[in-house]
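What follows is one structure encoded as structure tokens, with my remarks underneath.
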Amino acid sequence: MKVTLYTDDLRDAPVDLLAVGVFSDEPDRGLAFSHLNRGLDGALERAVRDEDFTGKTGQTLVFNVGGGMVAKRVLAYGYGERDKYTPESARQFAGVASRVCQRVGARSCAMALTVGDVPTPAGRVVHLVRALAEGALIGSYSFSEYITKDRKESPLKDVRIAFVADDVLGVKGATLRAAVLRAQAVAEAVCFARDLVNEPANTLTPIELTERVRRMCKDKNLGFRFLGQRDLEKQGMGLLLGVARGSEHEPRLLHVTYTPENPKSDRRVIAIVGKGLTFDAGGLSLKTSEGMIDMKADMGGGAAVAAAMRAIADIKPNAVVHGVIAVAENMPDGRAIRPGDVLRSKKGLTVEVLNTDAEGRLVLGDALAYAQDLEPTEMIDVATLTGSCVVALGRTIGGAFINDEDMAERLRAAWERSGESFWRMPLEPGLRELLKSEVADIKNVAERYGGAITAALFLKEFVDPATPWAHLDIAGPVLSNKEVGYLQKGATGFGARTLVEYVAGDLDG
Ligand code: BES
Ligand code: ZN
Ligand code: ZN
């Protein structure tokens, strides 16, 4: 899909569909609407009146104004109240517009961006442009690999970000184009992650996941290596090896490296670490049929890391970035680890496994220790780690556990700009004692209460306390159970956008 900027009159936009956002509490419904309405002698206002369209959040109306403009159809989209408008509103608007295009078969669409509607600084032009482009690109995704009849692929090939009146005055074209390029890099990465997560576990085996990441690295000129069974044994990664024992598939540790072209000495070295369970049956602590249904998505953290590396290769920030993904499948079998088994980690710490379904923290323990050896100046892991976190924060918000205040501030700014939502959770030291084991250094489960926190505290044992570190639990938002905004049902690519934004920093302009 091509995304370009359009600055001529909206009525002349040579597209199949023209999308305008409408505020519910503005007498003239907002700049784009009023501008177009005036140009069409009130035709727009008459159309929405007839349909009782108020502009409340997410409301949509598609209609034909019957002449006076090139586009055959208009989409009016409800932004809700003006005060609540953020770049994320623009992202949602563009996502919905993309999906409407898919429904009505529109190949081209002009999406009005009324910068003048929004108070600064929330409405900084580059952020709105970037959000709109991201929404359009992410919103037109579909996963139809295995649909053999009536595949619903988006026909939308041409999106124009349409400015109204004097909106772009004073903003350099190059700055705006850079915002579109950033959006493209991020959106392609998000869709890469979604493809990985949506792919079923019978085809996305540990080997296949490795191959897909390897291919991506080759395309994007990223460094790639992986550790197989033998290497993992040599490195003493007993936790990752233990988790994979019940599976036909050997585990892998993937290591992707981005090195900037012009190395500076005082550079950041960032390690991002992902949980890559291609399927989590729970092992001998077997999940219920119900509990297993979404478990092909248990590599969502790893997918977010791979995707972030892909976008980072496009954006080329000035930091060394290591992406480390622990890949395994958690299955019950005669060779599987048992509750009560003790495993020795790469770090040397011994772990009593009391529940084989708490496998994410095991594989991450070894992956974090591996990443720590790369001497990062900061480290972030992303994982579909606990059902507890979903109970605490719901399906759409991730949990963020952070051991350093400065990092917390930068990470929060990153997720806020990215449009992903996280909520900071406590690394409560008082709960550490719940992980004490009688027979080993630590056990892998505590009681049910505070389960997301004790999982984070388990991971903390594998991180050097002097390294700023964040653990992102994305068990809830890795999947969406409905079509909403720019998301389809299924994989969301959650986590990737925050990682990219954190590493690459804010846009100029
Ligand atoms: N992969 C699951 C966590 C999960 C649950 C992800 C729901 C997405 C949706 C993880 O490996 C797991 O099974 N965690 C257990 C831990 C428990 C045994 C301490 C859980 O959360 O129930
Ligand atoms: Zn599990
Ligand atoms: Zn799991």
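The values are calculated or read from the model by the stated rules, or taken from the named source; none is laboratory data. These numbers were taken from a predicted model, which means no experiment stands behind them. Note: ideal-geometry Cβ built from the backbone for every residue, glycine included; neighbour counts use all protein chains shown. Ligands, DNA and RNA are excluded from the accessible area calculation, which covers all protein heavy atoms including side chains. Shrake-Rupley method; radii C 1.70, N 1.55, O 1.52, S 1.80 Å.
Name every residue in segment 214-246 that is open to solvent by less than 60 Å² (accessible area, probe 1.4 Å), within 16 Å of Val305 (Cβ to Cβ) and in contact with a Lys or Arg (Cβ under 9 Å, 6 or more places away or on another chain), in order of residue number.
Correct list: Met216, Cys217, Lys220, Leu222, Phe224, Leu227, Leu240.
I need the full set of residues from segment 301-342 which are open to solvent by 10 Å² or more (accessible area, probe 1.4 Å), among the hydrophobic types (A, V, I, L, M, F, W, C), more than 14 Å from ligand 1 (Cβ to nearest atom) and more than 18 Å from the chain's Cα centre (by Cα), in order please.
Once the filter is applied, which keeps residues that are open to solvent by 10 Å² or more (accessible area, probe 1.4 Å), among the hydrophobic types (A, V, I, L, M, F, W, C), more than 14 Å from ligand 1 (Cβ to nearest atom) and more than 18 Å from the chain's Cα centre (by Cα), segment 301-342 yields Val320, Val342.
For segment 37-60, which positions are open to solvent by 50 Å² or more (accessible area, probe 1.4 Å) and under 25 Å from Pro14 (Cα atoms)?
Matches in segment 37-60: Arg38, Asp41, Arg46, Thr60.
Would you pick out the residues in segment 1-33 that are under 17 Å from Phe63 (Cβ atoms) and either among the basic types (Lys, Arg) or open to solvent by 10 Å² or more (accessible area, probe 1.4 Å) (or both)?
Arg11, Asp16, Arg29
Quick one: in segment 132-147, which of the residues that are of a type in the set (Gly, Ala, Ser) and either farther than 18 Å from Ala307 by Cβ or crowded, with 24+ Cβ neighbours inside 10 Å (or both) is modelled with the lowest pLDDT?
The extreme case among them is Ser144.
Sort out which residues of segment 102-136 are within 22 Å of Ala189 (Cβ to Cβ) and in contact with a strand residue (DSSP E or B) (Cβ under 7 Å, 6 or more places away or on another chain), and write them in order of number.
Matches in segment 102-136: Met111, Leu128, Val129, Leu132, Ala133, Ala136.
Could you give me the residue pairs with C-beta distances under 6 Å whose first residue belongs to segment 315-337 and is more than 18 Å from Lys287 (Cα to Cα), whose second residue is polar (S, T, N, Q) and part of a loop (DSSP other than H, G, I, E, B) wherever it lies, and which are 6+ apart or on separate chains?
Close Cβ pairs satisfying both conditions: Val320/Thr259.
So which residues in segment 1-23 are among the β-branched types (Val, Ile, Thr) and either within 24 Å of Ala178 (Cα to Cα) or assigned to a loop (DSSP other than H, G, I, E, B) (or both)?
Val3, Thr4, Thr7, Val15, Val20
Counting only residues that are under 16 Å from Ala32 (Cβ atoms) and polar (S, T, N, Q), how many does segment 72-126 have?
3
Identify all residues within segment 222-262 that are of a type in the set (A, V, I, L, M) and over 22 Å from Thr350 (Cα atoms); write none if there are none.
Hits for segment 222-262 are Leu222, Leu254, Val256.
Taking segment 247-269, which residues are surrounded by fewer than 22 Cβ atoms within 10 Å (Cβ to Cβ) and in contact with a strand residue (DSSP E or B) (Cβ under 9 Å, 6 or more places away or on another chain)?
Within segment 247-269, Glu248, His249, Glu250, His255, Thr257, Thr259, Pro260, Pro263, Arg267, Arg268, Val269 qualify.
Every residue, every condition in (1) closer than 30 Å to Val100 by Cβ; (2) within 16 Å of ligand 2 (Cβ to nearest atom); (3) among the basic types (Lys, Arg); (4) within 16 Å of the chain's Cα centre (by Cα), yes or no:
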residue: Ala456; (1), (2), (3), (4): no, yes, no, no
residue: Val463; (1), (2), (3), (4): no, no, no, no
residue: Trp469; (1), (2), (3), (4): no, no, no, no
residue: Ser480; (1), (2), (3), (4): yes, no, no, yes
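For Lys296, work out the one condition from (1) out of contact with any Pro (no Cβ under 6 Å at 6 or more places or on another chain); (2) surrounded by fewer than 24 Cβ atoms within 10 Å (Cβ to Cβ); (3) more than 30 Å from Thr377 (Cβ to Cβ) it doesn't fulfil.
(1)
From the list Glu290, Glu329, exactly one residue is within 16 Å of ligand 2 (Cβ to nearest atom), over 16 Å from Ala371 (Cβ atoms) and touching a Phe, Trp or Tyr at 6+ places or on another chain (Cβ under 6 Å). Which is it?
On the way: Glu290 fails: touching a Phe, Trp or Tyr at 6+ places or on another chain (Cβ under 6 Å).
Just one listed residue meets the conditions, Glu329.
Taking the condition within 30 Å of Glu199 (Cα to Cα) and not in a loop (DSSP other than H, G, I, E, B), does Val500 pass?
In short, yes.
Looking at (1) away from ligand 2 (no atom under 16 Å from the Cβ); (2) over 14 Å from the mean Cα position of the chain (by Cα); (3) under 15 Å from Gly301 (Cα atoms), which is the one condition that is false for Ile402?
Condition not satisfied by Ile402: (3).
Six or more apart or on different chains, Cβ under 6 Å: which pairs go from a residue in segment 354-367 that's part of a loop (DSSP other than H, G, I, E, B) to one that's more than 9 Å from ligand 2 (Cβ to nearest atom) and open to solvent by 10 Å² or more (accessible area, probe 1.4 Å)? Could you list them?
So the pair list comes out as Leu354/Pro339; Leu354/Lys443; Leu354/Val445; Asn355/Val445; Thr356/Leu284; Thr356/Ile337; Ala358/Val445.
Please find, among Val256, Val273, Val213, the residue that is within 21 Å of Leu343 (Cβ to Cβ) and β-branched (Val, Ile, Thr).
On inspection, the qualifying residue turns out to be Val273.
Name every residue in segment 61-88 that is open to solvent by less than 60 Å² (accessible area, probe 1.4 Å) and under 19 Å from Cys101 (Cβ atoms), in order of residue number.
Of everything in segment 61-88, those that are open to solvent by less than 60 Å² (accessible area, probe 1.4 Å) and under 19 Å from Cys101 (Cβ atoms) turn out to be Leu61, Val62, Phe63, Val65, Met69, Ala71, Val74, Leu75, Ala76, Tyr77, Gly78, Tyr79.
Identify all residues within segment 89-112 that are surrounded by fewer than 22 Cβ atoms within 10 Å (Cβ to Cβ) and of a type in the set (Val, Ile, Thr); write none if there are none.
Passing the criteria: Val100, Val104.
Taking the options Leu368, Leu354, name whichever one is away from ligand 3 (no atom under 14 Å from the Cβ) and within 18 Å of Asp231 (Cβ to Cβ).
When all the criteria are applied, what remains is Leu368.
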